[in-house]
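Notes follow the structure.
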Amino acid sequence: MGDITGNSNLISDIKPEETYKSIRGCVLDAQKKVCSAVNIAMVIAYWEIGEQIFKACGENDRATYGKQLLQYISEKMMNEFGKGYTVRNLQMMRKFYLTFPNANALRSELSWTHYRSLMRVEDEKARVFYMDEAAKAGWSSRQLDRQINTMYYQRILASKNKDAVAKEIESTEPKLEYEKILKDPYVLEFLNLPKNEHFYESNLEQALIDHLQKFLLELGRGFSFVARQKHINFDGRHFYIDLVFYNYIL
């Protein structure tokens, strides 16, 4: 009887909320490990693909041979591994290799989404700075985007109160406790998992287009819808504008 009483007292001392938090922590730790493993594997694979494409195409992947080769590889890869290997994405991987030629310098803390953002930074010193800061501070990809867009590198160099500028991101773009990386389209494509359409920007575009007629009527005379995902080539770089409108009167 003494043992039973002792066990009862022990059970009564357990706090449900603390137990829940402890169990939740185990799940979050496991998720972070899975995310980290997927990130590292994806980044290394895309870097190696970029290296192979560069070696095969040479300096110009837009020459006739390069275009044909990329088209061939893209079709074969998409048939076997899904839609993540379009010609545009293969060109991005080649750019990744050229932008970060030293694989040993890549930061394992950063995802493919981070590196896609970093490739937009043309200044090499600024790019290395953002890469190191993102890894050190644990910035999410959204935080990194915000820092690049608000010229954090230039502001931190010019600021006298560097600590205040460095902490600014936590209030303007709070970091999630963990990123839902397994819902990231890039990860789904890499793992060849079925897509959940609720996660994609294309749904927003389609919803806008579905209501476009009413929207244009409200804008008044002269407005027209031109294209979605409009391809623009500027100085050898490729851009895709989500939605293009035009006012022929203006």
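Any chance you could count how many residues in the stretch 115-132 are aliphatic (A, V, I, L, M) and within 13 Å of residue 96 (Cα to Cα)? Outline the logic, then answer.
Taking the stretch 115-132 as the starting set, the residues that turn out to be aliphatic (A, V, I, L, M) are 118-119, 121, 126, 128, 131.
When the remaining residues are screened for being within 13 Å of residue 96 (Cα to Cα), the result is 118-119, 121.
Residues that pass the stated criteria total 3.
Here's the yes/no breakdown for (1) among the polar types (S, T, N, Q); (2) farther than 28 Å from residue 127 by Cβ:
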residue	(1), (2)
49	no, no
53	no, no
59	no, no
75	no, yes
79	yes, yes
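Yes/no per residue for (1) in contact (Cβ under 8 Å) with a residue 24 or more places away in the chain; (2) closer than 18 Å to residue 47 by Cβ; (3) buried (at least 16 other Cβ atoms within 10 Å of the Cβ):
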position	(1), (2), (3)
66	no, no, yes
70	no, yes, yes
82	yes, no, yes
89	no, yes, yes
98	yes, yes, no
115	yes, yes, yes
121	yes, yes, yes
126	yes, no, yes
field: Flag for residue 104 being surrounded by fewer than 18 Cβ atoms within 10 Å (Cβ to Cβ) and at pLDDT below 90
entry: no
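Would it be correct to say that residue 109 is more than 21 Å from residue 231 (Cα to Cα), at pLDDT below 90 and out of contact with any Phe, Trp or Tyr (no Cβ under 6 Å at 6 or more places or on another chain)? Lay out the reasoning, then the answer.
On the way: more than 21 Å from residue 231 (Cα to Cα): yes; at pLDDT below 90: yes; out of contact with any Phe, Trp or Tyr (no Cβ under 6 Å at 6 or more places or on another chain): yes.
Criteria met by residue 109.
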- request: Check the stretch 110-121 and report whether any residue there is among the aliphatic types (A, V, I, L, M), part of a helix (DSSP H, G or I) and more than 26 Å from residue 32 (Cβ to Cβ).
  value: no
- request: Mind listing whichever residues of the stretch 138-165 are touching a helix residue (DSSP H, G or I) at 6+ places or on another chain (Cβ under 8 Å), part of a helix (DSSP H, G or I) and at pLDDT 85 or above?
  value: 141, 143, 144, 145, 146, 147, 148
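The values are calculated or read from the model by the stated rules, or taken from the named source; none is laboratory data. Everything numeric in this text was worked out from a predicted model, so none of it was measured. Because the Cβ atoms are built from the backbone with ideal geometry, glycine has one as well, and the counts that use them run over all protein chains shown.
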